[in-house]
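Rule-based calculations on the coordinates, nothing more; no lab input. Predicted model, so just to flag it, every value in this text is computed and none were measured. Cβ placement follows ideal geometry from the backbone for every residue including glycine, while neighbour counts extend to all protein chains displayed.
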Amino acid sequence: MTNDQGGQAKAGKPGLLARVATRLSSTELEFEARELQADAGRQGATPIAELSDRVDATVCGSVRSVTLRPRVNVPALVVELYDGSKTINLIWLGRRRIGGIVPGTYLTARGRVTFKHGIATMFNPAYEIKPTRGH
């Protein structure tokens, strides 16, 4: 496929100049969101924005926050995971911390999705910490 002089590919796909201009005009957050969505797709994960209630799913993304919700009887570790489309709360009951899970960590989680107060949530999911995004 050849480009015309305006940097547009003849078949309607953006040419190199158009892609560079789009990248330069995008905000850093938009760029990160696109990268996370592409990484999740390579992992075969379901986009968080497309999750349904009471289905088993695999999601992956970057940890945005880690919070301990102390309860009288059972502590709960809450991790907010972002995949570029939306966030999901991963909740481990009875855990105060999980080594290696800190903000910025990239991980894959598998479990049953439920919606708690309209927010996608997985309780006690299986997880795998990825050394680098998309691998």
Original post:
With a 10 Å Cβ neighbour count serving as the proxy for reagent exposure, in which order, fewest first, do 78, 72, 102 appear?
Top reply: 72, 102, 78
**OP:** Sort 107, 17 so that the residue with the fewest other Cβ atoms within 10 Å of its own Cβ comes first and the one with the most comes last.
**Re:** 17, 107
Original post:
Over all pairs of distinct alpha carbons, what does the Kirkwood formula give as the hydrodynamic radius of the range 27-130, in Å?
Top reply: 13.7
Original post:
When only DSSP loop residues count, what trypsin sites (Lys or Arg not before Pro) in the range 36-135 have their Cβ near at most 11 other Cβ atoms within 10 Å?
Top reply: 54, 71, 96
Subject >> Relative contact order (%) - the range 39-135, alpha-carbon pairs under 8 angstrom, separation at least six >> reply: 30
Subject >> Sites residue 95 and residue 53 - FRET efficiency at Förster radius 30 Å, r taken between beta-carbons, to 0.05 >> reply: 0.80
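Full-extension gain between residue 71 and residue 126, please, as 0.36 nm times their residue separation minus the C-alpha to C-alpha distance. Each step should come with its number before you reach the end.
Numbers: separation 55, 0.36 × 55 = 19.80 nm, distance 2.24 nm.
Fully extending the segment from residue 71 to residue 126 adds 17.6 nm.
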